[in-house]
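The structure appears right after this line, and notes come after that.
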Amino acid sequence: MAVQKPFRPRIPAGLAYALHAVLATNRFYRWLAAYVERRPRLYRWFTAGERAAKERLFGCRMCGQCALPATGYACPMTCPKQLRNGPCGGVSADGSCEVDRTLRCVWLTAWDRAESAARGSDLDLLQRPVDNRQWSRSSWVNYWQGRDETIAVAYSGADPHPPMRTAPAPADRAPADRHRAER
């Protein structure tokens, strides 16, 4: 697979957020999504149109789980490492990408764009890992059907790596006893 290159969106963040407001889930879009999904040929055409628009405007890679509204409309999938939660530790002091020093880190672009639209707090959301089964699927249909409502979640402050148990539960215990021991 070829290395992705960070992409600089072609429309201002404010305009992208305004377009998102027009495409916000409502009764009509839910109906449209269901209608399109029931017709495979129409779904392919619809998805091709979405791909053409979003690829040209945002560098979209059609992951099917669009994070654009939470990343200043800078597609995190254009990060060569496909990081969905901020820059790696290799961003240089001048903001260039660790993988290709001739390009600006997509996450710095996301930060600038979100801040310019007064949406910097969107970058505090944690993006769930990509579900690879959704690649090449329409994220608009998924959005309108409510399938991606938990893609971005607020950070709870809890330790993301809780300590692992050091010893397994004894095998001779009954399942209920083993469950109590794990608490």
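Every number in this text was worked out from the coordinates using simple rules, so none of it is lab data. Just so it is clear, the structure is predicted and the values come from calculations on it, not from any experiment. Counting neighbours? That spans all protein chains shown, and the Cβs are built from the backbone with ideal geometry, glycine included.
The gain in end-to-end length when the residue 81 to residue 121 segment is fully stretched comes to 12.1 nm, 0.36 nm per residue minus the alpha carbon separation.
Taking amide H atoms as placed 1.01 Å from N in the peptide plane, the amide H of residue 126 lies under 5 Å from those of 153, 154, 155, each 5 or more residues away in sequence or on another chain. Taking a virtual spin label 7 Å from the Cα of residue 150 along the C-beta vector, which residues in the range 110-134 bring their backbone nitrogen under 19 Å of it? Under 19 Å, as judged by backbone N against the label point of residue 150, lie 125-134 of the range 110-134. Residues whose amide H comes within less than 5 Å of that of residue 104, counting only those at least five positions distant or on another chain, are 97 (H built at 1.01 Å from N in the peptide plane).
Charges only on Cβ, +1 for Lys and Arg, -1 for Asp and Glu: so what's the dipole of the range 15-59 about the Cα centre, in debye to the nearest 20?
Details: 9 positive and 3 negative charges, 42 e Å.
Magnitude of the dipole: close to 200 debye.
Sequentially through the range 94-111, phi angles give Karplus couplings (6.51, -1.76, 1.60; θ = phi - 60°) of 8, x, 7, 6, 5, 6, 9, 5, 7, 10, 7, 4, 4, 6, 6, 4, 4, 4 Hz, Gly and Pro residues having no value and appearing as x.
The residue list 118, 72, 59 was ranked by how far each Cα lies along the charge dipole of the range 1-136 toward its positive end, using unit charges on Cβ atoms, and 59 comes out on top. Extension gain, residue 27 to residue 131, is 34.8 nm, computed as 0.36 nm per intervening residue step minus the present C-alpha separation.
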